[in-house]
Every structure is written in C-alpha cells, then in structure tokens.
Amino acid sequence: MNQSVNSLQLTFENRVAIVTGAAHGIGRAICRELAVRGAAVAAADILGHSLLETKEEVEGAIAASASSGSINTYICDVTDSVAVNNFVEKAAASFGKIDILINVAGGVAGQVHQAIEEVSDEQWEKVIDINLKSAFYMVRAVAPHMKKEGYGRIVNISSGAGRSSSLTGIQAYTSAKAGQIGFSRQMARELGRYGITVNNVAPGFVLSNPSTERQWGAMNSTQQENLIESISLKRLGTAEDIAHPVLFFASDFSQYVSGQVISADGGLQLF
C-alpha cells in the first residue's frame, strides 16, 4: 500500500526557508511543499514573470490547505555576489531569521554538447557560475544568520551528472555538480558545530523546466525508450519526486544526517 507523503506529518511551522531557482519546476514544487506545511518561504529567481506565477500557485495551495505558510518573492541573480547578499539581508529583515536554504538555481544555460576543444572560456564559466559559484554565494550569505540561531538546514540540488556523467555531455555541468557535492560535504564538516546540516539531492532526468523539455524533445523515440528502460521504476521523475527528499533534509527528521547525497532518480544509478 502506498503511503501518502502528507501522512508523514512533516511540519515547517515557524520556519523560514529561502529557495533559489523558484520560478518553475523543482524550485516551484519545493516552495509549494514547504509553504503548505507552514513555512514562510522567500522565493528567488531572475525570471520575474515566472516567479510571479510561482507566487500565485503557492498562494493557491496555501489557501486550499488552510496552511499558515506564506511566500514572498525576490528578483535575484544568484551569480552576482552583491545581489545575493542584498537578497539574503532583505529576507532576513522581513522574516527575522533564516532556518532553511534550498539551492535549486542551476542548469546548462541553454548549452548543448560540444567537443571539449570547442568549448569556450565563457561557456565553461557560465555553467560553473550558475551551478557552483551561486551555491557558494548563497551559503556564505546565510551562514552568519544560521550560526546566530544555532540552527540551519541547507540542501543543495545537484544532479546525477555530479555523481557519474551527464546525459547531455556538457563537461562544465558535470564538473559543477560534482563540485557542488564536494562543497556540501566540506560545509557539513565546517558548519555542523553550529547545529547546521548540509546535504545534497541529486535528481535524475526530470521534465521540470523548458531546458529539460527541450533535451527530451531532441531525443528520438528509441533514445527516449532506452532512457526509461534504464530507470528501475520505468518512468521519468516529476518535480514533486525531487521536492519530497528535500523536505526530509530540510526537516528535523534529518537532524543527525549531514554531508550526504540522495539520488532521486528512480533507481537509474545504483551505488
């Protein structure tokens, strides 16, 4: 018998959560799942119109669930350290504290596979900035607030590419996501003494945003069938499939878990 996730009684009452990459897909699902369980969510993205859609959807879910949660939205380029610092300070001033950070922002920046000798410095740096440097900026900005409270939950969204290789063959993406996992482990070691846990969720192939939808559409039917066949559960993931392990890491159920990676990929990669 399948057990409803809602029956687990995860609650985030009186918790303040920052979520980056909140404009669509996985980030939007995480905002919704946190808010309907009582969290005050500070949702950030560079895509203003889509971020407004996230706010409307989450507020509808809050109303439907009679939750005490809330959502505020912030335009922020997470590859700009000054913008990140300003955003975090605004969120902390609005909510009074920061308990949870979920770094979702990332992606391939519209790139496709090229031979390594054809990859430019700018292409490499853009993907590294979006996926790795942004996580560094965000953790650096929230750490003082969490240290002050003696509590924190940091969850970085990596990728199966960071544990193995990329389906798309984009070298910088695999490198950035592997680096993010290493960064998470080091931060778990450094911040644990302050009551702060740091963990990673590594999604498999999820049709959660325009980029992954384009990647899926670029495959022929045989390639699509082969990908699904390689997944133990024989289906692609959803944004909610990724949000639910994030809830675990963001909750007090995981208070003795830090520096770990969950592969939320339907059993694609078996370690």
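The values are calculated or read from the model by the stated rules, or taken from the named source; none is laboratory data. Worth saying up front: this structure is predicted, and the values here are computed from it rather than measured. Neighbour counts are summed over all protein chains in view; Cβ atoms, including those assigned to glycine, are modelled from backbone coordinates with ideal geometry.
When you scan the stretch 1-100 for helices (runs of 4 or more DSSP H) that lie fully inside it, which ones turn up with 3 or more residues that are of a type in the set (A, V, I, L, M, F, W, C), at pLDDT 95 or above and out of contact with any helix residue (DSSP H, G or I) (no Cβ under 6 Å at 6 or more places or on another chain)?
48-65, 81-95
Does at least one position in the stretch 102-109 carry a residue that is more than 21 Å from the chain's Cα centre (by Cα), touching a residue at least 12 places away in the same chain (Cβ under 8 Å) and not in a loop (DSSP other than H, G, I, E, B)? Reasoning before the result, please.
Looking only at the stretch 102-109, we keep the residues that are more than 21 Å from the chain's Cα centre (by Cα), and these are none.
No - not one qualifying residue is present in the stretch 102-109.
Which condition number does F95 fail, the rest of (1) more than 20 Å from the chain's Cα centre (by Cα); (2) without any contact (Cβ under 8 Å) to a residue 24 or more places away in the chain being met?
Of everything listed in (1) more than 20 Å from the chain's Cα centre (by Cα); (2) without any contact (Cβ under 8 Å) to a residue 24 or more places away in the chain, F95 misses just condition (2).
Consider the stretch 144-170. How many of its residues are modelled with pLDDT under 95 and either buried (at least 21 other Cβ atoms within 10 Å of the Cβ) or within 20 Å of the chain's Cα centre (by Cα) (or both)?
The initial filter retains those residues of the stretch 144-170 that are modelled with pLDDT under 95, namely 158-170.
Pick out the ones that are also either buried (at least 21 other Cβ atoms within 10 Å of the Cβ) or within 20 Å of the chain's Cα centre (by Cα) (or both) and you get 158-168, 170.
Of the residues in that region, 12 qualify.
Hey, could you check the stretch 52-69 for residues that are within 21 Å of R15 (Cβ to Cβ) and within 19 Å of the chain's Cα centre (by Cα) and say which is surrounded by the fewest Cβ atoms within 10 Å (Cβ to Cβ)?
Going through the qualifying residues, I end up with E57.
What is the number of the single condition among (1) in contact with a His (Cβ under 7 Å, 6 or more places away or on another chain); (2) part of a helix (DSSP H, G or I) that E117 does not meet?
The failed condition is (1).
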